[in-house]
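Asker: Please read through the structure below; I'll follow up with questions.
The values are calculated or read from the model by the stated rules, or taken from the named source; none is laboratory data. Computed from a predicted structure; not experimentally measured. A quick note on method: Cβ atoms are made from the backbone with ideal geometry, for glycine too, and the neighbour counts reach across all protein chains shown. Surface accessibility is based on the protein's heavy atoms, side chains included, excluding ligands, DNA and RNA. Shrake-Rupley method; radii C 1.70, N 1.55, O 1.52, S 1.80 Å.
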Amino acid sequence: MDLNKKYTPQSWPDHPETATMEGKNKFVGFWLLLAAETVTFASLFATYLALKDKGPSGMEFAASNLFELPLVFAMTMILLTSSLTSVYAMYHMKNHNFKAMQAWLGITVLLGAAFLGLEIYEFNHYVHLGFGYTHSAFSAAFYTLVGTHGAHVLFGLSWFIALMVRNSKRGLNMYNAPKFYLVSLYWHFIDVVWVFIFTVVYLMGVIG
Amino acid sequence: MSSIAQKKGFGAAMWDYLTTVDHKKIAHLYLASGGIFFLIGGIEAMLIRIQLMKAGNDFLSAGTYNEVLTMHGTTMIFLAAMPILLAFMNAIMPLQIGARDVAFPFLNSLGFWLFFFGGVFLNLSWFLGGAPDAGWTNYASLAIASEGHGIDFYALGLTISGFGTLISGINFLVTIINMRAPGMTYMRMPLFTWTTFVASALILLAFPPLTVGVFFMVFDRMFGANFFDVTMGGNTIIWEHLFWIFGHPEVYILILPAFGIFSEIFAIFSRKRLFGYTALVFATILIGFYGFMVWAHHMFTVGLGPTANAVFALATMIIAVPTGVKIFNWLLTIWGGSISFTTPMMYAIGFIPSFVAGGVTGVMQAIAPLDYQLHDSYFIVAHFHYVIVGGVVLAILAATHLYWPKMFGTMLSEKLGKVTFWLFFIGFHLTFFIQHFLGLMGMPRRVYTFGADQGWDLFNAISSVGALFMALGVIILLVNIVMTSIKNERVSNDPWGDGRTLEWAIASPPPFYNFAQTPLVRGLDTFWIEKMEGNKEGMVYAEPLEEIHMPNGSFVPVVMSFGLFVASFGALYNMDGDKGWTIPVIIIGLVITFGSMLFRSLKDDLGFHISKEELLRDVKGGKSDGLK
Amino acid sequence: MIKGLKKWRLFALMTALLVFLAGCGREEISTLLPAGEVAQDQFNLLILSTIVMAFVIIVVTIIYVLAIVKFRRSKIGEDVIPEQVEGSAKLEFLWTAIPIVLILILAVPTVYSTFDLADVSTMDVQAEDSDAMTHLTVNVTAKLYWWEFEYPEQGIVTAQELVVPTNERVYFNLISADVKHSFWIPSIGGKLDANPENVNTFYLTFDQESAELEDGVFYGKCAELCGPSHALMDFKVKSMDRESFDQWVAAMQEEATPAEGALAQEGEQIFGADGAGCIACHAVSGSGAAGGVGPNVATFGDRNRVAGYLEHNEENIKKWISDPQEYKPGNLMPDPESLNDGKPFTEQELDALAAYLMSLSVEE
């Protein structure tokens, strides 16, 4: 692979992410990694459901009186939007429009950071209510499930930023196109997991 | 290039292995470290049998015994059997499909070093205040109650090595999906490649639940979480589920590659195509699939209720069908063949009755009400040793003899190999057959001693004698390896003479770039086809000789793994709450790991090319396959 | 090869002989000598499955032996290239179908028996003419290396030795007070776990009176690794006819009588609150409920073993009291030093305690 080869939108392939052997391998490998991640989250969800509302006798907290939907709904919207903006970024990547891609990625990162900020605010709020990590089996299961998702968001953000900074001068080439593609795939996965968290933890929690 | 490698000094060779991303060298690393852990686990097994040699023995104290039995199981499963199988997968699978290397050479190296540092970390517990003592299953109530750091060594050590295994699993899957030589369709892949493929898929889906469970354990012990603290609403059965959702597929992760190895051996040494290849492939896939549906048969006595027990009992019995299909296909493979009783074939022949015995006791245990009697008794100990020693370890020993020439270019002594086989085989049955009866006579497993009034003395004594035979067999194998290495008689591409698949078409050991030209695969047992047609060139090739692109070696995997190793020490001692140095150590460790990860991803690493001239030189010198 | 085979045959023969000589283990503990309906059912399943599996093994062995005898390369010639057979759909069908049939044969009794053995619906049925239950219920609490048996209907509690009537269903409610254990009386029936988080219920039937046994008791075991002394977490079972059982219950319900004899009285003094204070953990009266810190010792003199596994004599009682950690590592009984103002018990004190404990009896 020649790093110095300059592409134009005309010579740029339709699917730059799988145009090279390395890209193909990364593409398949990453989907497999996401399968493993799915099992990880499935285990966490199962544990959360088993331990939901379980605590020391006389525990005052329950999912139905703890969670508040408006904030979580806002977080959901922000993350869903960021998924959309990353789709725009990939659209420009496929058209070899590096600047537009960087711009949309920047917006994605900002939205992701906003989501993470709100999540930290939410956790902080619960801790001040007395619902800390060591409070009960319920709290441990809740923070571990949602916190693992949060850690994924943080990792995704760092990955976005590292790629954007590293390639800001280099521009798009066949070496980094698969990487951009994978991080956006990862971002969609995080988004899907959040939809499940929103449904299983918050909606089903508040409803009862 | 390969000739240069031989002239290097010891230091350079060390550096070569520390930085290698070549699947064949990584295979050597897996084999060597897995072998060492196998010896450690074997010594632990001998300690167990010495302690149980007679009633009321006081060779080991109660606490030490529990540590030994825990480490024996953990070491053998995670640090010996799996890595040694990974060694053969690494060494052989890419050759079998005609690939240049695995899909992610860097990750391959990272996977090894994570396993290695995780294993070393786990075993350091012996010297740092005591090993884990809650059994390899590490049931939560006992593990949470366990004092000292043994359980923390278990949890953190398995986390690190588990990541390594997961990475290897993904790597093999991608390799098989993307990197098969032209003509190598899925239904032309050798059985060992197929079993590697299915076992890797199992690794991919089975390790995450274990990781999650182990993290719960770490969080409970380290951060005061309450996943398993019953008084705080926790539930210890969650651990049992997570562990066995991992644990049962793990059994198939071990046994499927063993099936693959034996499938190769039966075909080679009967000079016959595998009977019912298609059936064998589908049986493999089915076994892998069912592997995820039966975990609760390890939990029949937990009290899940009759409905769950009945469903899991039936699901478990169904697995016997594809397994039986395999056994009969192997029998029909040797039927009508020309059987050559080489050492690998002896193991394969010995495997059939041993594994059938282990399999039928498995079906007996699937009968849930009967399992209420058998569960956690010595019957179970006998059963899983019949499956794992009679299946996996025999396969490992067979593959060691079969693939030694391919990996190291020289043959292990057949004479000593057969001595090892007989000692090991007789010792194995002597040790474990009688344990079925001990279990039926009421002996629970994991007991550090038993009274003379229980009527178990004689059978335990016999069992201990058997263990001695196995130990002798392994010692002779070591002698064999040393003598063979000293003699170092080089062998040709196809040292057994009856090789059928692609790995036998390449030099022993293969050049670091594997096939100089990618071969064209014209059918199942492709090398056999060429041989039968009298192809003097070895293979038909899919492309002209061209320069080859290779990845650069890298020291980063060692550094990354070492960082986690360091951070784990910080995390482990941080639980004491009275040491100031632990947080900085965690941070330093993580900075090492993530720093080297960042370094790796920010740097352009495009590899290098081997020129056509160099390849031609190798081909002419007979160091490589290809046009002569 | 042939030489090796001979050796192997010799070993197989020796092994078979030894198995025969050693019989089926002791009747106090062997699953092969069932003494209860549940164990009998399970034994029958063992026999059924062994027959089915023996059939499989015989078929495999015949093909296997014929193959390795008939198709040796030394016999058929070095250069023969066998026919490369692809496979046979008929055969594949055959060896898929036959195992399925075999499994069906096993599946039917498995499912039936799984539900049958879990059926505890008659547990809470009351007798028609009284408030009493028709069956005995025992609440079992597993604790670090000992077992507590509470009889809620009778209002009595005992430890280490389970006493049950023969020929009727005995229901067990199992729970653990600390780590997971598993309750197993091999010759009476299969095990069930004692989990820390939930009560597990099942039943057993005792068809044989334990007095007929050589040792006078059935042996019970903890079957789940629970710590260093897991191997020593034994209990014993006395089964007797209903009449004797009712007498035993009545005796248990009576107030404990004061010790007789000077030595035993001295022991009672040491045992009591004014002495070393053993009584703080060890109740001496059989009437009461579960929840003891240490085992109830009301039936100590009647027991078969000291600490669950040592021979039942005064010498072993003294050894056990003097150094509990030596005999059951990791158990929770304090050292004598921590009870007796930092001093070990004197020989005289130990004799007195042993005499007193031996005098605690509810059987005549």
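Asker: C:I100: within 7 Å of chain B (Cβ to nearest Cβ) and in a helix (DSSP H, G or I), yes or no?
Answerer: For C:I100, the condition - within 7 Å of chain B (Cβ to nearest Cβ) and in a helix (DSSP H, G or I) - is met.
Asker: Looking at (1) over 26 Å from B:A13 (Cβ atoms); (2) surrounded by 17 or more Cβ atoms within 10 Å (Cβ to Cβ), which one does B:I548 not meet, given that it meets all the others?
Answerer: (1)
Asker: Since B:G391 meets every condition but one in (1) within 13 Å of chain C (Cβ to nearest Cβ); (2) open to solvent by less than 10 Å² (accessible area, probe 1.4 Å); (3) within 18 Å of B:F192 (Cα to Cα), which condition does it not meet?
Answerer: That leaves (1) as the condition not met.
Asker: Among the residues of segment B:574-582, is any surrounded by 14 or more Cβ atoms within 10 Å (Cβ to Cβ) and touching a residue at least 24 places away in the same chain (Cβ under 8 Å)?
Answerer: Within segment B:574-582, one or more residues are surrounded by 14 or more Cβ atoms within 10 Å (Cβ to Cβ) and touching a residue at least 24 places away in the same chain (Cβ under 8 Å).
Asker: Can I ask one more? Does B:T284 qualify as being outside any loop (DSSP other than H, G, I, E, B) and touching a strand residue (DSSP E or B) at 6+ places or on another chain (Cβ under 6 Å)?
Answerer: In short, no.
Asker: Sticking with this one: Residues to consider are C:S182, C:S187; find the one that is open to solvent by less than 10 Å² (accessible area, probe 1.4 Å), within 14 Å of chain B (Cβ to nearest Cβ) and assigned to a loop (DSSP other than H, G, I, E, B).
Answerer: Going through C:S182, C:S187 in turn, the sole match is C:S187.
Asker: Of all residues in segment C:30-60, how many are within 7 Å of chain B (Cβ to nearest Cβ) and β-branched (V, I, T)?
Answerer: Going through segment C:30-60 one residue at a time, the tally reaches 4.
Asker: So the check is Cβ under 6 Å with 6+ separation or different chains; which pairs have a first residue in segment B:330-341 that's at negative phi and a second one that's surrounded by fewer than 21 Cβ atoms within 10 Å (Cβ to Cβ) and of a type in the set (V, I, T)?
Answerer: From residues that are at negative phi, the pairs are B:L331/C:I63; B:S338/C:I76; B:S338/C:V80.
Asker: To continue, here is another question. For B:G98, indicate whether it is touching a strand residue (DSSP E or B) at 6+ places or on another chain (Cβ under 7 Å) and away from every other protein chain (no Cβ under 11 Å).
Answerer: yes
Asker: Of the residues in segment C:249-278, how many are in contact (Cβ under 8 Å) with a residue 24 or more places away in the chain, more than 30 Å from the chain's Cα centre (by Cα) and outside any helix (DSSP H, G or I)?
Answerer: Result for segment C:249-278: 6.
Asker: In addition: Any residue in segment B:369-382 that's within 21 Å of C:D119 (Cβ to Cβ) and within 7 Å of chain C (Cβ to nearest Cβ): show its pairings with residues that are charged (D, E, K, R) and open to solvent by less than 10 Å² (accessible area, probe 1.4 Å) at Cβ separation under 8 Å, as long as the two are six or more apart or on different chains.
Answerer: B:Y372/C:K191; B:Q373/C:K191; B:H375/C:K191
Asker: Which residues, taken from segment B:159-182, are open to solvent by 30 Å² or more (accessible area, probe 1.4 Å) and more than 10 Å from chain A (Cβ to nearest Cβ)?
Answerer: Correct list: B:F163, B:R180, B:P182.
Asker: Residues B:L39, B:L85, B:L107: which one is open to solvent by less than 10 Å² (accessible area, probe 1.4 Å) and more than 14 Å from chain C (Cβ to nearest Cβ)?
Answerer: None of the others qualify; the one that does is B:L85.
Asker: For segment A:117-137, enumerate the residues that are part of a helix (DSSP H, G or I), touching a helix residue (DSSP H, G or I) at 6+ places or on another chain (Cβ under 6 Å) and surrounded by 18 or more Cβ atoms within 10 Å (Cβ to Cβ).
Answerer: A:E119, A:A137, listed by residue number.
Asker: Determine which member of the set B:L402, B:L412, B:L394, B:L423 is of a type in the set (A, V, I, L, M), in a helix (DSSP H, G or I) and more than 20 Å from the chain's Cα centre (by Cα).
Answerer: B:L423
Asker: Then there's this: List the helices (runs of 4 or more DSSP H) inside segment C:279-364, counting only whole elements, that have at least 3 residues being open to solvent by 20 Å² or more (accessible area, probe 1.4 Å) and in contact (Cβ under 8 Å) with a residue 60 or more places away in the chain.
Answerer: Because the criterion is at least 3 residues that are open to solvent by 20 Å² or more (accessible area, probe 1.4 Å) and in contact (Cβ under 8 Å) with a residue 60 or more places away in the chain, the helices (runs of 4 or more DSSP H) in segment C:279-364 that meet it are C:347-359.
Asker: What about C:E27, is it buried (at least 16 other Cβ atoms within 10 Å of the Cβ), out of contact with any strand residue (DSSP E or B) (no Cβ under 6 Å at 6 or more places or on another chain) and at the interface with chain B (Cβ under 7 Å from one of its Cβ atoms)?
Answerer: The answer is no for C:E27.
Asker: Here is a further query. Going through segment C:294-348 one residue at a time, which ones are within 22 Å of the chain's Cα centre (by Cα), closer than 27 Å to B:N66 by Cα and of a type in the set (A, V, I, L, M, F, W, C)?
Answerer: Answer for segment C:294-348, where residues must be within 22 Å of the chain's Cα centre (by Cα), closer than 27 Å to B:N66 by Cα and of a type in the set (A, V, I, L, M, F, W, C): C:V306, C:A307, C:L310, C:L332.
Asker: Could you check how many residues of segment A:44-61 are open to solvent by 20 Å² or more (accessible area, probe 1.4 Å) and either at the interface with chain B (Cβ under 9 Å from one of its Cβ atoms) or touching a Phe, Trp or Tyr at 6+ places or on another chain (Cβ under 8 Å) (or both)?
Answerer: Adding up the residues that qualify gives 11.
Asker: Can you find a residue in segment B:128-144 that is crowded, with 24+ Cβ neighbours inside 10 Å and among the acidic types (D, E)?
Answerer: Scanning segment B:128-144 turns up at least one residue that is crowded, with 24+ Cβ neighbours inside 10 Å and among the acidic types (D, E).
Asker: So if I check each of A:A114, A:A140, A:A100, which one is in a helix (DSSP H, G or I), aliphatic (A, V, I, L, M) and within 14 Å of another protein chain (Cβ to nearest Cβ)?
Answerer: A:A140
Asker: Shifting gears a bit: With the requirement that a residue be more than 7 Å from every other protein chain (Cβ to nearest Cβ) and surrounded by fewer than 23 Cβ atoms within 10 Å (Cβ to Cβ), what does segment B:435-449 give you?
Answerer: Of everything in segment B:435-449, just one residue is more than 7 Å from every other protein chain (Cβ to nearest Cβ) and surrounded by fewer than 23 Cβ atoms within 10 Å (Cβ to Cβ), namely B:R445.
Asker: Follow-up. In segment C:92-105, is there at least one residue being closer than 30 Å to C:Y151 by Cα, open to solvent by 80 Å² or more (accessible area, probe 1.4 Å) and modelled with pLDDT of 90 or more?
Answerer: no
Asker: Looking only at segment B:75-106, which residues are of a type in the set (S, T, N, Q) and farther than 21 Å from B:P557 by Cα?
Answerer: Of everything in segment B:75-106, those that are of a type in the set (S, T, N, Q) and farther than 21 Å from B:P557 by Cα turn out to be B:T75, B:Q96.
Asker: Taking C:G227 as the residue in question, decide whether it is of a type outside the set (D, E, K, R), on the phi > 0 side of the Ramachandran plot and open to solvent by less than 10 Å² (accessible area, probe 1.4 Å).
Answerer: yes
Asker: Among B:E264, B:E250, which is the only one that is away from chain A (no Cβ under 12 Å), assigned to a helix (DSSP H, G or I), charged (D, E, K, R) and more than 17 Å from B:Q96 (Cα to Cα)?
Answerer: From the options B:E264, B:E250, the qualifying one is B:E250.
Asker: Please indicate, with yes or no, whether at least one residue in segment C:239-246 is assigned to a strand (DSSP E or B) and either over 23 Å from the mean Cα position of the chain (by Cα) or in contact (Cβ under 8 Å) with a residue 24 or more places away in the chain (or both).
Answerer: Yes: one or more hits.
Asker: Out of everything in segment B:337-364 that is open to solvent by 10 Å² or more (accessible area, probe 1.4 Å), assigned to a helix (DSSP H, G or I) and more than 9 Å from every other protein chain (Cβ to nearest Cβ), what residue ends up being nearest to C:A118 (Cα to Cα)?
Answerer: B:G362
Asker: Return yes when B:F275 is touching a Leu at 6+ places or on another chain (Cβ under 8 Å), more than 30 Å from B:W239 (Cα to Cα), among the aromatic types (F, W, Y) and more than 9 Å from every other protein chain (Cβ to nearest Cβ) and no when it is not.
Answerer: Answer is no for this residue.
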